[in-house]
Amino acid sequence: MKALIAATPRRALVLTAVLAGVLLVLPAFANAYILSVAILILYFAYLGQAWNVMMGFCGQLSLGHSLYVGIGAYVSAALFVHFGIPPWLGIWAAVLACMAAGAAIGVLAFRFGIGGVYFALLTIAFAEFTRIGFDHLDWVGGSGGFFLPVTQREFNDVLALRGSPVMFYYVMLALTGAAFAFCTWLLRTRIGYYWQAIREDPDAAQALGINTFRYKMLAVVVSAGMSAFAGVFFAFYYNNLFPEQIFSMSRSIEIILGPIIGGTGTLFGPIVGAVVLTVLADGITELMAAFGWEVPGVKQVFYGICMLAVIVFLPNGIWPTLARRLGLERSNRGRGDGG
Amino acid sequence: MAAEGLLSVRSVSKSFRGLRAVSGVSFDVGQGHIVALIGPNGAGKTTCFNMIAGAFEPDAGEIHFAGQRIDGMRPDQVCLSGIGRTFQLVKPFAGLSVLDNVIVGALRRNRQVGVARRKAQAILERLGLAEKRDQPASALTLPDRKRLEVARALATEPRLLLLDEAMAGLRPTEIDQMVAVFRRLNEEHGLTIVLIEHVMRPVMALSREIHVLHHGELIASGSPDEVVRHPAVLECYLGAEAV
């Protein structure tokens, strides 16, 4: 930890502290709308980080991360509704279920040498057939949806995840902060080095004694487990779950756009990407509404334009360039990720 | 020889879609020896390496290393048994810094990144790459990438180092520097080395024994002086008329 702080430029530390401070006091100044946008940003920043572990760190492309969000959401919600198990307990079941799903995909793919695009297709396939499965699973409402009871409360109950948006904001902020700390730590351990080696060149990594199967499995399982937390949050924040929504391909794409635009493989990329995408997409929707225009799909078009712009002008994402401009790069890291 | 041999390759063969790349090749490498594998293009040298390093499984034959049978093992298992290798077509971790590249190798024996970093630093100094430690590996010139390959393999602290044309593309003075590095590693640490080279300068300077491959078969073995006078070697390198 000391070494980490010593290796980070002063400006970066100050900026991080200021950012953390602003985020901590934000609910005191924000209205309900701003708060809901902030929660959404944190939600995507968190999920982007989870996805980034797999793709950004280890180079394994998942296009089906909605699978883990959905499983996490459904497992915790079902345990809560049917058995009264509180989310802080149910979450561990959700994490285990997601890890098991990730491990199943990983074993199938990595044992049989399926990589790259074909691996990505496999992740889509799993998300899709899970969606179809849940459509017919009446125990959790099938395609008609699954609803958590909403009760009016006087107090915020953090352990039961029942309360005001402000409480959900702080829960999501804590999760995002924890994910950031976890990823920072991971990248500086042997695991992080091995993941990056596999991402850069799996053959060379294996020749250096790295059990590539084991470390790729670890990346998938860690990423899936992290995503489960976002699923549990989703279930208790929105209180309704529809397989068509939560497992859909477009959800998976939304998850990965942030880190791609922000900068895959970097620590701040997923966060920057989530801010940029959510703020701009919501801004555009608001703007259109203000003008009284009703254009369906404008958000998707906007996402497409953002993708194009980043791919053409900033192929490594926004963060590496931003970090360089702000002088936030760390001296002893080769990759210009500044964090 | 076989009794003290660190590495023993016993009549290994490998075919690719009917093309016999290596056929019934046997040789031994003694502990602390430096041995060269030479031969014209397509003679099967790299295929031999890949079988020793676990990248290919031999169709027939056995490979033993330090009393352990290693043919058919995965490359990472072969590395763990104590064999380090470089790739002919260099494979740097392009997005990582030079230092981080070597740290990955050093983590094989040291779980702590801090310890691995110090080891990696020492190896970079030994190979003259210390000043470039913070550059991304993608920014290196080809000779430096070759050095990086060697540095990374050495960081795994192997007993046997397989060098696949690690000195190709280097200038004569650079070759002499590398030769000096390998000689010191060999003398001070007892590192056993098997090298594939086209450039004869390092081969003659380093090797105690040379094996010549041609069309996948071993056609001659012996000391450098013997091998360069061997009729079969002269024939395959210079043509039958020269003999």
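The values are calculated or read from the model by the stated rules, or taken from the named source; none is laboratory data. These figures come from a predicted structure and were not determined experimentally. When we count neighbours, we look across all protein chains shown, and the Cβ atoms used for this are built from the backbone with ideal geometry, even at glycine.
From A:Tyr237, A:Tyr170, A:Tyr194, which residue is within 26 Å of A:Ala104 (Cα to Cα), hydroxyl-bearing (Ser, Thr, Tyr) and out of contact with any Lys or Arg (no Cβ under 8 Å at 6 or more places or on another chain)?
Values: A:Tyr237 fails: within 26 Å of A:Ala104 (Cα to Cα); A:Tyr170 fails: within 26 Å of A:Ala104 (Cα to Cα).
After ruling out the rest, the residue left standing is A:Tyr194.
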Residue count, segment A:145-169 (criterion: surrounded by 11 or more Cβ atoms within 10 Å (Cβ to Cβ), under 21 Å from A:Gly72 (Cβ atoms) and touching a residue at least 40 places away in the same chain (Cβ under 8 Å)): 10
Boolean, A:Leu42 is of a type in the set (A, V, I, L, M), out of contact with any strand residue (DSSP E or B) (no Cβ under 9 Å at 6 or more places or on another chain) and within 30 Å of A:Glu286 (Cα to Cα): yes
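Would you confirm, using the coordinates I've provided, whether A:Ala204 is within 14 Å of chain B (Cβ to nearest Cβ), touching a Lys or Arg at 6+ places or on another chain (Cβ under 7 Å) and in a helix (DSSP H, G or I)?
Spelling it out, A:Ala204 is indeed within 14 Å of chain B (Cβ to nearest Cβ), touching a Lys or Arg at 6+ places or on another chain (Cβ under 7 Å) and in a helix (DSSP H, G or I).
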Identity of the residue in segment A:172-181, touching a residue at least 24 places away in the same chain (Cβ under 8 Å) and either surrounded by 22 or more Cβ atoms within 10 Å (Cβ to Cβ) or within 22 Å of A:Met55 (Cβ to Cβ) (or both), that ends up nearest to the other protein chains (Cβ to nearest Cβ): A:Phe180
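Which of the residues that make up segment B:117-144 are facing chain A (nearest Cβ under 8 Å) and of a type in the set (A, V, I, L, M, F, W, C)? Explain how you work it out, then say what you get.
Going through segment B:117-144, the residues facing chain A (nearest Cβ under 8 Å) turn out to be B:134-137.
Once the filter is applied, which keeps residues that are facing chain A (nearest Cβ under 8 Å) and of a type in the set (A, V, I, L, M, F, W, C), segment B:117-144 yields only B:Ala137.
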Filter result for the condition that a residue is away from chain B (no Cβ under 14 Å) and within 30 Å of B:Thr156 (Cβ to Cβ), over A:Ser164, A:Ser143, A:Ser223: A:Ser223
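For (1) out of contact with any Pro (no Cβ under 9 Å at 6 or more places or on another chain); (2) part of a loop (DSSP other than H, G, I, E, B); (3) touching a residue at least 40 places away in the same chain (Cβ under 8 Å), each residue gets a yes or a no:
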{"site": "A:Gly258", "(1), (2), (3)": "no, no, yes"}
{"site": "A:Gly265", "(1), (2), (3)": "no, yes, yes"}
{"site": "A:Val275", "(1), (2), (3)": "yes, no, yes"}
{"site": "A:Gly283", "(1), (2), (3)": "yes, no, no"}
{"site": "A:Ala290", "(1), (2), (3)": "yes, no, no"}
{"site": "A:Trp293", "(1), (2), (3)": "yes, yes, no"}
{"site": "A:Tyr303", "(1), (2), (3)": "yes, no, yes"}
{"site": "A:Val312", "(1), (2), (3)": "yes, no, no"}
{"site": "A:Pro315", "(1), (2), (3)": "yes, yes, no"}
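Which one of these is in contact (Cβ under 8 Å) with a residue 24 or more places away in the chain and either in contact with a Lys or Arg (Cβ under 9 Å, 6 or more places away or on another chain) or buried (at least 16 other Cβ atoms within 10 Å of the Cβ) (or both): B:Arg159, B:Arg171? Walk me through it before giving the result.
Values: B:Arg171 fails: either in contact with a Lys or Arg (Cβ under 9 Å, 6 or more places away or on another chain) or buried (at least 16 other Cβ atoms within 10 Å of the Cβ) (or both).
Only one candidate passes the filter, namely B:Arg159.
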Subset of segment B:16-66 [without any contact (Cβ under 8 Å) to a residue 40 or more places away in the chain and in a strand (DSSP E or B)]: B:Phe16, B:Leu19, B:Asp28
Residue pairs meeting the criteria (Cβ under 6 Å; at least 6 apart or on separate chains; first more than 7 Å from chain A (Cβ to nearest Cβ) and surrounded by 21 or more Cβ atoms within 10 Å (Cβ to Cβ), in segment B:87-109; second of a type in the set (Phe, Trp, Tyr) and in a loop (DSSP other than H, G, I, E, B)): B:Asn101/B:Phe93
Given (1) more than 23 Å from A:Ile256 (Cβ to Cβ); (2) within 23 Å of the chain's Cα centre (by Cα), number of the condition A:Phe134 does not satisfy: (1)
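Can you pull out the residues in segment A:119-134 that are more than 16 Å from A:Phe234 (Cβ to Cβ) and either exposed (fewer than 15 other Cβ atoms within 10 Å of the Cβ) or aliphatic (A, V, I, L, M) (or both)? Working first, answer last.
First, the residues of segment A:119-134 that are more than 16 Å from A:Phe234 (Cβ to Cβ): A:119-126, A:128-129, A:132-133.
Correct list: A:Ala120, A:Leu121, A:Leu122, A:Ile124, A:Ala125, A:Phe129, A:Ile132, A:Gly133.
Listed here are the residues, each with its yes/no results for (1) within 29 Å of A:Thr8 (Cα to Cα); (2) basic (Lys, Arg); (3) assigned to a helix (DSSP H, G or I); (4) under 20 Å from the mean Cα position of the chain (by Cα).
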| residue | (1), (2), (3), (4) |
| --- | --- |
| A:Arg153 | no, yes, no, no |
| A:Phe168 | no, no, yes, yes |
| A:Leu173 | yes, no, yes, yes |
| A:Phe182 | yes, no, yes, yes |
Criterion (more than 19 Å from A:Gly59 (Cβ to Cβ), among the hydrophobic types (A, V, I, L, M, F, W, C), out of contact with any Lys or Arg (no Cβ under 9 Å at 6 or more places or on another chain) and in contact (Cβ under 8 Å) with a residue 12 or more places away in the chain) met by exactly one of A:Ala103, A:Ala94: A:Ala94
Residues (at pLDDT below 95 and among the β-branched types (Val, Ile, Thr)) located in segment B:1-21: none
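Could you tell me how many of the residues in segment A:184-195 are over 19 Å from the mean Cα position of the chain (by Cα), in a helix (DSSP H, G or I) and within 9 Å of chain B (Cβ to nearest Cβ)?
Quick first cut of segment A:184-195, residues over 19 Å from the mean Cα position of the chain (by Cα) only: A:188-191, A:193-194.
Pick out the ones that are also in a helix (DSSP H, G or I) and you get A:190-191, A:193-194.
With within 9 Å of chain B (Cβ to nearest Cβ) added as a condition, the list becomes A:190, A:193-194.
Adding up the residues that qualify gives 3.
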